[in-house]
């Protein structure tokens, strides 16, 4: 089983195997390692002051997205949040509640013991900078920073794991932590696919809008019999990595019923992206997105046997044996 970052909080629920409309993040592997997970104490500390230092030197791996080596902290760390932009990026500015994709390294100030890093896993972290999802130190240190930036910061227990520490990571309740974070990209509720439009020439299939302004695309369902097999076609083809069967993806999506064209679920309507493992959703989503490229918009038509069948979610407005039609923008993967 692939080791996952210790930074991630364990939410109270999972994306249902029955599928969509649940904004909880993937937690199926969250217990495999330690991460900047939210403090288990549940008590909200007041915002810290942001100060310039002190911060230990980065002694090797000085380039963006290169695994850094960080010196041991010298003297006493700040009791506030020390933050330094080591490399200033020119991308999108990160706001609280945005999702970020980033590589990072975390170590203990007093010992320089590295307790977690994503560089060795060769899998950047994909996480929302939201209260209860990640430790507060990350939220406060990275809000306002731009994609393409390397940020170094120190987090005292108050905005880290609190007085209970994190035994799994070997972090004591008195430890100040040092992080180096390379922000690769940032995503919010206005994010869309980006790539090359693909011709939609089959009159027997729904036609999906190609707007990339963050608004929900149109889905025009033809007045014909629905296909009996899964359809998963590019509407916009991105140039990112291919999604694997076990990937966690960050998406925008809209779902309508084939019979009526009525919308039953949409991240656009909720004004919130969603992230989940393809091992936790209906088979039609998992099969339809596997092999597709990040950055793409995909039309997925799901027959009942690969969707909800005769057991649709209560209150969803979906009838038994409904054929489902989705437009899915694959923003990122982990």
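Bear in mind these aren't lab numbers, they're just calculated from the coordinates by the rules spelled out. Bear in mind the structure is a predicted one, so any value in this text is a computation, not a measurement. A quick note on method: Cβ atoms are made from the backbone with ideal geometry, for glycine too, and the neighbour counts reach across all protein chains shown.
Couple of notes before you dig in:
- Stokes-Einstein D (µm²/s) once Rh is taken as the Kirkwood radius of region 61-145 over alpha-carbon pairs, at 20 °C in 1.002 mPa s: 150 µm²/s
- P(r) tail fraction, region 176-240 - alpha-carbon pairs more than 21 Å apart, %: 45 percent
- Note on residue 76 and residue 223: the model spin-label points, each 7 Å out from Cα along the C-beta direction, lie 7.8 nm apart.
- Sorted ascending by nearby beta carbons within 10 Å, beginning with the fewest, 150, 270, 297 become 270, 150, 297.
- Looking at the chain, the pairs of alpha carbons with a distance over 25 Å make up 52% of the total.
- For 115, 326, order by how many other beta-carbon atoms lie within 10 Å, fewest first: 115, 326
- Alpha carbon convex hull of region 196-333, projected area averaged over orientations, nm²: 7.6 nm²
- What separates the Cα centres of region 271-299 and region 127-176 is a distance of 29 Å.
- Estimated D of region 256-331 in µm² per second, where Rh is the Kirkwood radius over Cα pairs and Stokes-Einstein applies at 4 °C, 1.567 mPa s: 99 µm²/s
- Cα gyration tensor category, rounded, prolate or oblate, for region 34-187 with a/c compared to 1.5: rounded
- Ranking of 220, 175, 233, 213 by neighbouring Cβ atoms within 10 Å, starting from the fewest: 213, 220, 233, 175.
- Structure-based [θ]222 nm, the chain - -39500 (n - 2.57) summed over DSSP H runs of at least 4, per residue, nearest 500: -1000 deg cm²/dmol
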